[in-house]
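Structure record follows, encoded as structure tokens.
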Amino acid sequence: MSGNASLRWKLPWPVVPPRLWGTAAATAMAITSLIFNQELWPHHPQARQWSWILLAMLLQAGAFQLILVL
């Protein structure tokens, strides 16, 4: 048995649900929107504020989902 296979039996790895993967992907998109604000939303001055609000909501939802997984 290799080292990685024996370690897998000793540590309980949680199964990550698809909803948490989706939340992580949406969070990455919100961060990308904040980084490239001027390129993505040049004519919408409130887009940065909504990106921050969306990021905060996604981080909160992701934290709750992560607690349920762990």
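The values are calculated or read from the model by the stated rules, or taken from the named source; none is laboratory data. No experiment lies behind these values; they were computed from the predicted model shown. Protein only, heavy atoms only, side chains kept; ligands, DNA and RNA dropped before computing areas. Shrake-Rupley method; radii C 1.70, N 1.55, O 1.52, S 1.80 Å.
Could you give me D for the chain, from Stokes-Einstein at 20 °C and 1.002 mPa s, where the hydrodynamic radius is the Kirkwood radius over C-alpha pairs? Units µm² s⁻¹, please.
Numbers: Rh = 14.4 Å.
Taking Rh from Cα pairs, D becomes 149 µm²/s.
Could you state the accessible area per residue of the stretch 15-55 in Å², with a 1.4 Å probe and every protein chain left in place?
Details: 3250 Å² over 41 residues.
Per-residue accessible area for the stretch 15-55 comes out at 79 Å².
Which percent of the accessible area of the chain is formed by carbon and sulfur heavy atoms (probe 1.4 angstrom)? All intermediate terms of the calculation are to be shown ahead of the outcome.
Values: 4280 of 5970 Å².
Summing carbon and sulfur atoms, their accessible area is 72 percent of the total for the chain.
At 0.36 nm per residue, and after removing the present C-alpha to C-alpha distance, how many nm does the segment from Ala63 to Val15 gain when stretched out fully?
Working: separation 48, 0.36 × 48 = 17.28 nm, distance 1.57 nm.
Taking Ala63 through Val15 to full extension adds about 15.7 nm, to one decimal.
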